Amino acid sequence: QTFLNRIDALNPAINAYIALDQDKTLAQAKAADVRIAAGNATPLTGIPIAQKDIFCAVGWKTTCGSKMLENFIAPYDAHVITQFDQAGAVNLGKTNMDEFAMGSSNETSYFGGVKNPWDFSRVPGGSSGGSAAAVAARLCAAATGTDTGGSIRQPASLCGFTGLKPTYGVVSRYGMIAFASSLDQAGPMAKSAEDCALMMNVMAGFDERDSTSLNREKEDYTRDLNKPLQGLRIGLPKEFFAEGLDAGVGKVIEDAIAEYKKLGAEIVEISLPNTGLSIPVYYVLAPAEASSNLSRYDGVRYGHRASEYTDLMDMYCKSRAEGFGAEVKRRILIGTYVLSAGYYDAYYLKAQQIRRLIAQDFEEAFKKCDVIMGPAAPSTAFKAGEKVDDPVAMYLQDIYTISTNLAGLPGMSVPAGFSTSADGKALPVGLQIIGNYFDEARMLNVAHQYQ
Ligand code: GLN
């Protein structure tokens with residue numbers, strides 16, 4: 001009820017939630033009370049969680065931020081939704097997001113932008129902008145997000161909280177609307193590393209309904225939180241501290257690294273030489289996969305259908321023209337282009353080869369260090385409208401996050417401090433921690449010791 005009251009008061013201004021249903025939420029809360037009284041609660045029983053509107057949930061609209069799915073009600077629950085339900089968590093509502101998770105500012109949402117709680121003239125980041133603003137404004141105890149190129153970590157950095165993108169394959173993608181399937185991964189967005197660990201205990205685990213879900217033993221992500229960091233080797237990639245990084249952000253990150261030295265860590269200089277290629281490679285591969293994934297929205301089985309058309313082809317064309325926004329159309333055009341005969345070898349195949357090189361860069365780096373650190377985003381939160389007409393400037397927001405998605409590695413953003421903007425606002429800065437495959441427990445430990 002406390003959270004619902006806050007949502008009532010603040011959501012009209014922030015626009016973090018795009019679907020709310022007080023009756024459903026309170027019914028789940030009451031059921032949690034009964035379960036707690038009966039003595040079979042889990043750590044998340046009764047905890048109110050916001051769900052990114054990319055997860056299918058029975059009884060809720062699932063729009064993925066698009067007009068295409070404005071009235072879509074899923075016939076089944078996403079794995080992530082089922083996991084939280086079984087844990088007894090309470091679903092507070094569905095959160096706003098960039099259309100089909102394409103964006104870095106939440107401004108591509110059909111349902112309007114989201115305000116950054118630290119400064120309403122600024123964006124919360126994206127694509128998980130609604131979840132980010134909900135966590136930062138305390139409109140939920142924690143939220144879910146998805147990260148294809150940075151959509152958990154960049155908004156976590158811009159809104160000042162902890163977000164984790166797990167190793168690819170650790171959280172099932174079943175019922176999570178597909179953007180770029182080889183990169184998409186769901187993860188927790190919460191106040192602290194400890195909260196993220198508790199959420200990971202619920203979200204992670206094998207699910208045979210996702211062919212890329214990894215069949216590994218269940219682990220307790222809280223197990224290493226209190227380990228001392230003595231002897232930890234932190235790799236600093238020189239490419240993450242080069243041109244393009246805002247000076248104020250750089251200073252906060254340097255101070256955080258100094259703090260880690262005090263905690264007993266050892267600093268190692270490393271190189272990720274193909275960092276500069278990660279954005280061009282991503283913007284070939286992600287649109288290629290998206291163009292294929294989005295072909296299912298044909299106006300026939302579900303989603304928006306144009307009301308007037310002459311024949312079947314005209315119905316497809318009009319439904320898609322009306323249902324998709326500009327950024328989604330841009331991605332479909334890029335994707336179909338790079339996959340077309342004659343260009344496939346030059347773009348798609350080449351990008352796949354460079355993707356392998358980017359993964360090898362990390363393999364080399366992890367021979368010298370245990371975790372990699374750097375900024376999560378190149379700047380603090382920017383003004384709404386500032387980058388909407390410049391897609392390339394928008395794409396650069398993910399310069400430090402995208403390479404981990406391409407390699408399938410886990411990454412997180414942890415609040416590291418504040419940097420003052422030109423107009424005198426103190427804005428949060430996120431420190432990125434990148435771990436080796438399946439090293440989430442260690443990353444959470446590293447973050448927790450700092451917090
Ligand atoms: N900003 C990137 C994009 O627009 C990443 C988005 C994401 O991680 N979902 O594609």
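The values are calculated or read from the model by the stated rules, or taken from the named source; none is laboratory data. Bear in mind the structure is a predicted one, so any value in this text is a computation, not a measurement. Counting neighbours? That spans all protein chains shown, and the Cβs are built from the backbone with ideal geometry, glycine included.
Within the stretch 431-451, can you find the residues that are under 24 Å from Thr380 (Cβ atoms) and either in contact with a Gly (Cβ under 8 Å, 6 or more places away or on another chain) or surrounded by 24 or more Cβ atoms within 10 Å (Cβ to Cβ) (or both)? Result: Leu431, Gln432, Ile433, Ile434, Met443, Val446, Ala447.
Give the stretch 179-203 a look and list any residue that's among the small types (Gly, Ala, Ser), surrounded by fewer than 24 Cβ atoms within 10 Å (Cβ to Cβ) and farther than 24 Å from Gly65 by Cβ, or say none. Ser192, the sole residue that qualifies. Of all residue pairs spaced 6 or more apart or on separate chains, those with beta-carbon atoms under 6 Å, a first member in the stretch 124-152 that is under 22 Å from Gln22 (Cβ atoms) and assigned to a helix (DSSP H, G or I) and a second member that is within 16 Å of the ligand (Cβ to nearest atom) and of a type in the set (D, E, K, R) are Ser131/Lys52. Annotation for the stretch 409-429: no member residue is within 12 Å of the ligand (Cβ to nearest atom), surrounded by 17 or more Cβ atoms within 10 Å (Cβ to Cβ) and over 28 Å from Ala258 (Cβ atoms). Just one of the listed residues (Leu183, Leu214) is touching a residue at least 40 places away in the same chain (Cβ under 8 Å), out of contact with any Asp or Glu (no Cβ under 9 Å at 6 or more places or on another chain) and farther than 21 Å from Gly46 by Cα, namely Leu214. Residues in the stretch 240-249 that are surrounded by fewer than 15 Cβ atoms within 10 Å (Cβ to Cβ) and not in a helix (DSSP H, G or I): Ala242, Glu243, Gly244. Flag: Val281 matches the condition of being surrounded by 15 or more Cβ atoms within 10 Å (Cβ to Cβ), among the β-branched types (Val, Ile, Thr) and not in a loop (DSSP other than H, G, I, E, B). Candidates Val80, Val90, Val58, Val34: the one that is within 16 Å of the ligand (Cβ to nearest atom) and modelled with pLDDT of 95 or more is Val80. Ser157 meets all of the listed conditions (1) in a helix (DSSP H, G or I); (2) under 22 Å from Leu92 (Cβ atoms) but one, namely (2). Within the stretch 103-135, the set of residues being under 15 Å from the mean Cα position of the chain (by Cα), more than 18 Å from Pro428 (Cα to Cα) and hydrophobic (A, V, I, L, M, F, W, C) is empty. Is it the case, given these coordinates, that Ser295 is of a type outside the set (D, E, K, R), touching a residue at least 24 places away in the same chain (Cβ under 8 Å), outside any loop (DSSP other than H, G, I, E, B) and within 30 Å of Leu406 (Cα to Cα)? In short, no.
Taken over the stretch 204-239, the residue count meeting the criterion of being surrounded by fewer than 14 Cβ atoms within 10 Å (Cβ to Cβ), farther than 24 Å from Ser182 by Cβ and of a type in the set (S, T, N, Q) is 2.
When restricted to residues that are charged (D, E, K, R) and touching a residue at least 40 places away in the same chain (Cβ under 8 Å), the stretch 18-59 contains 5. Screening the candidates Ile434, Ile399 for the property of being at pLDDT 95 or above and over 12 Å from Leu164 (Cα atoms) yields one hit, Ile399.
Restricting attention to the stretch 93-141, the residues being of a type in the set (Gly, Ala, Ser) and more than 10 Å from the ligand (Cβ to nearest atom) number 14.
Inside the stretch 171-207, can you point out the residues that are away from the ligand (no atom under 16 Å from the Cβ) and within 25 Å of Gln352 (Cα to Cα)? Across the stretch 171-207, the qualifying residues are Ser172, Tyr174. Counting only residues that are assigned to a helix (DSSP H, G or I) and not charged (D, E, K, R), the stretch 259-278 holds 5 of them. Of these, Lys350, Lys367, Lys383, Lys387, which one is at negative phi and either aliphatic (A, V, I, L, M) or within 15 Å of the ligand (Cβ to nearest atom) (or both)? One residue alone meets the criteria, Lys387. Exactly one residue out of Ala422, Ala441, Ala416 is under 18 Å from Lys191 (Cβ atoms) and either small (Gly, Ala, Ser) or at pLDDT below 95 (or both): that is Ala416. Within the stretch 315-332, residues that are touching a residue at least 12 places away in the same chain (Cβ under 8 Å) and within 16 Å of the ligand (Cβ to nearest atom) reach partners that are part of a helix (DSSP H, G or I) and acidic (Asp, Glu) with beta carbons closer than 6 Å, at six or more positions or on different chains, in the pairs Gly325/Glu99; Val328/Glu99.
Of the numbered criteria (1) touching a Ser or Thr at 6+ places or on another chain (Cβ under 6 Å); (2) within 30 Å of Ala141 (Cβ to Cβ), the one Leu225 fails is (1).
Residues of the stretch 257-303 that are within 16 Å of the ligand (Cβ to nearest atom) and of a type in the set (Asp, Glu): Glu289 alone.
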